[in-house]
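Enquirer: What follows is a single structure, and I will ask about it in a moment.
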Amino acid sequence: MSVVGTPAEKRAEETPALEDNHLSHGNGSVREISIAHSPDSDDAFMFYALATNKVRVSGLRFTHTLCDIETLNQKARDGNGAYDVTAISFHAYPYIQDNYALLPSGGSVGDGYGPMIVAAQGFSQSQIKRKRIAVPGTLTTAYLALKLFAPGIETEVVPFDQIIPQVLEGKYEAGLIIHEGQLTYSRAGLQRIVDLGKWWLKMTGLPLPLGGNAIRRSLGPELTASVSRALRDSIQYALDHRDEALAYAMQFARDVEPQLADKFVGMYVNERTLDYGPDGREAVRRLLDMGHKAGVISREARVDFVG
């Protein structure tokens, strides 16, 4: 798949989705469905079958825009250039819930693992709460979990792929890392201080829901159901054809070797990605409720999954 555009936003090569998942328009017209997700190996793996027409939907054509997650959060919140389906951090959901509902598949959920606070030296958990930490964005779920862990912590936003380099350069004493950095920080010479997924599990007994896919309410129930089914089928196809889907996803793995990319994809695309499960859905509600009660989220969430 070739991509063009700015570093912040790239548009995937558009190919028409042809036949299979049962939605038809009597007039023969084709409806375009715009999908936006982050340029990461796990998202690429998840959307592989849709992007390459392995999964096809009669009457629909899917176009893909690749964009970093914090930009997608902000776009969905501002309503500026909103997409029909967009990857979001769960932290952002209360701010977009009037216009979007959550799809029942496509979630990135950490089962006892998640975003990490890393540093060049071994701070204690009490020490780290007094440091200034580089974070990947204030609407990320990583930031929400950090503020629940350490409410008074000082933060500064840094592009997610610059956090490890800037901690190594000494610009920050610690950083909050997401994506493949969770697997590569140690070889860069950094130490893990806190795994927020482990902290959350110990505190709540629940997995940590990090991100999901949201769909515009204005699409209506029939179209929403068809798109939701197509996304689930795309995830299932990738899980059933792991080698070919992983080979495709490697172009988004940010210089991570195949073995590590495979491990990372396995962490965030699995049975929970097909369906959150009752505890996964409860974890979303609990996380957002705690965030609101703690004053991190200004709006009370009305968590609404379609289907």
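Enquirer: I need the fraction of alpha carbon pairs in the chain separated by more than 36 Å, rounded to a whole percent.
Expert: On the way: 6438 of 46971 pairs.
Summing the P(r) of the chain above 36 Å gives 14 percent of all pairs.
Enquirer: Same structure again: Share of antiparallel DSSP beta bridges in the chain, in percent to the nearest 5?
Expert: Working: 25 of 41 bridges.
Beta bridges within the chain, antiparallel portion: roughly 60 percent.
Enquirer: Percent relative contact order of the stretch 30-174, based on C-alpha pairs within less than 8 angstrom and at least six residues apart? Show your work: numbers first, answer last.
Expert: Numbers: 174 pairs, mean separation 31.5, N = 145.
Once normalised by length, the contact order is 22 percent.
Enquirer: Provide, as a two-decimal number, the C-alpha radius of gyration of the stretch 216-307 over 2.2 N^0.38 Å, N being how many residues it has.
Expert: On the way: Rg = 16.8 Å, N = 92, 2.2 N^0.38 = 12.3 Å.
Dividing the Cα radius of gyration by 2.2 N^0.38 Å gives 1.37.
Enquirer: Let me ask something else. From the cross-link list Lys129/Lys263; Lys129/Lys171; Lys129/Lys202; Lys75/Lys198; Lys75/Lys263; Lys54/Lys75, which pairs have alpha carbons spaced over 25 Å apart? Walk me through the intermediate numbers first.
Expert: Values: Lys129/Lys263 30 Å; Lys129/Lys171 17 Å; Lys129/Lys202 18 Å; Lys75/Lys198 30 Å; Lys75/Lys263 30 Å; Lys54/Lys75 29 Å.
Beyond 25 Å: Lys129/Lys263; Lys75/Lys198; Lys75/Lys263; Lys54/Lys75.
Enquirer: Next question, about the same structure. Identify which of Pro159, Pro94, Pro207 has the largest mean-square fluctuation in a Gaussian network model of the chain, with springs joining Cα atoms closer than 10 Å.
Expert: Highest fluctuation among the options: Pro159.
Enquirer: For the chain, what does the helix formula give at 222 nm: sum of -39500 (n - 2.57) over DSSP H segments with n ≥ 4, over the residue count, nearest 500 deg cm²/dmol?
Expert: Mean residue ellipticity, 222 nm, calculated: -11000 deg cm²/dmol.
Enquirer: Enumerate the amide H contacts of Gly211 below 5 Å, restricted to partners 5 or more residues apart or on another chain; note that Pro and chain-start residues carry no placed amide H.
Expert: Long-range HN contacts for Gly211: Phe90, Ser108.
Enquirer: How large a share of the accessible area of the stretch 19-138, in percent, is made up of carbon and sulfur atoms when the probe is 1.4 Å and the other protein chains stay in place? List each step's numbers first, then the result.
Expert: Values: 1500 of 3950 Å².
Exposed carbon and sulfur together represent 38 percent of the surface.
Enquirer: Rg(Cα) of the stretch 130-267 divided by 2.2 N^0.38 Å? Before the final figure, lay out each step's value.
Expert: Numbers: Rg = 17.8 Å, N = 138, 2.2 N^0.38 = 14.3 Å.
Ratio of Cα Rg to 2.2 N^0.38 Å: 1.24.
Enquirer: Work out which trypsin sites (Lys or Arg not before Pro) in the chain are exposed loop sites (DSSP not H, G, I, E or B, at most 12 other Cβ within 10 Å) and give the longest gap free of them. Walk me through the numbers before you get to the answer.
Expert: Working: sites that count: Arg130, Arg187, Arg302.
Answer from the scan: 1-129.
Enquirer: Still on this structure: Bin width 5 Å, alpha-carbon pairs only: give the P(r) of the stretch 113-175 as whole percents, running from 0 to the bin holding the largest distance.
Expert: Cα pair-distance distribution for the stretch 113-175, in percent: 4, 20, 33, 27, 15, 1.
Enquirer: Sticking with this one: Towards the positive end of the charge dipole of the stretch 141-232, with charges on Cβ (+1 Lys, Arg; -1 Asp, Glu), say which of Val167, Gly205, Tyr143 has the farthest Cα.
Expert: The listed residue farthest towards the positive side: Gly205.
Enquirer: Label the stretch 191-253 by shape, choosing from rounded, prolate and oblate, from the square roots a ≥ b ≥ c of the eigenvalues of the Cα gyration tensor; if a/c is under 1.5 it is rounded, and otherwise prolate applies when a/b is larger than b/c, oblate when it is not. Each step should come with its number before you reach the end.
Expert: On the way: a/c = 2.67, a/b = 1.35, b/c = 1.97.
Oblate.
Enquirer: With the Cα gyration tensor of the stretch 39-168 in hand, give its eigenvalues times 5 under a square root as the equivalent ellipsoid semi-axes, listed largest first in whole angstrom. Before the final figure, lay out each step's value.
Expert: Details: eigenvalues 205, 55, 35 Å².
Each semi-axis is the square root of five times an eigenvalue, giving 32, 17, 13 Å.
Enquirer: Using a Förster distance of 41 Å, how high is the FRET efficiency between Asn53 and Lys293, based on the Cβ-Cβ distance and rounded to 0.05? Don't skip to the end; give the middle numbers.
Expert: On the way: r = 45 Å, r/R0 = 1.10.
After rounding to 0.05, the efficiency reads 0.35.
Enquirer: Using only the Cα atoms, what convex hull volume per residue in Å³ does the stretch 150-189 have?
Expert: 81 Å³
Enquirer: While we're looking at this one, here's another question. Can you give the accessible area per residue of the chain, in Å², using a 1.4 Å probe?
Expert: 41 Å²
Enquirer: Between Arg217 and Gln121, how high is the FRET efficiency from 1/(1 + (r/R0)^6) when r is the Cβ-Cβ distance and R₀ = 45 Å? Nearest 0.05.
Expert: On the way: r = 48 Å, r/R0 = 1.07.
Between Arg217 and Gln121 the formula returns 0.40.
Enquirer: With springs connecting C-alpha atoms under 10 Å apart, model the chain as a Gaussian network and identify which of Gly106, Gly181, Gly277 has the largest mean-square fluctuation.
Expert: Per the Cα network of the chain with a 10 Å cutoff, Gly277 tops the list.
Enquirer: Still on this structure, please answer the following. Once you've got the GNM for the chain with C-alpha springs shorter than 10 Å, pick whichever of Met116, Met203, Met267 has the biggest mean-square fluctuation.
Expert: Met203
Enquirer: OK, next. Over the chain, what is the relative contact order in whole percent, taking alpha-carbon pairs under 8 Å and six or more residues apart?
Expert: Values: 635 pairs, mean separation 81.0, N = 307.
Dividing the mean separation by the residue count of the chain yields 26 percent.
The values are calculated or read from the model by the stated rules, or taken from the named source; none is laboratory data. From a predicted model like this one, the values you see are computed outputs, not experimental measurements. Note that we place each Cβ from the backbone using ideal geometry, even for glycine, and neighbour counts take in every protein chain shown. Accessible surface areas use protein heavy atoms only, side chains included; no ligands, DNA or RNA. Shrake-Rupley method; radii C 1.70, N 1.55, O 1.52, S 1.80 Å.
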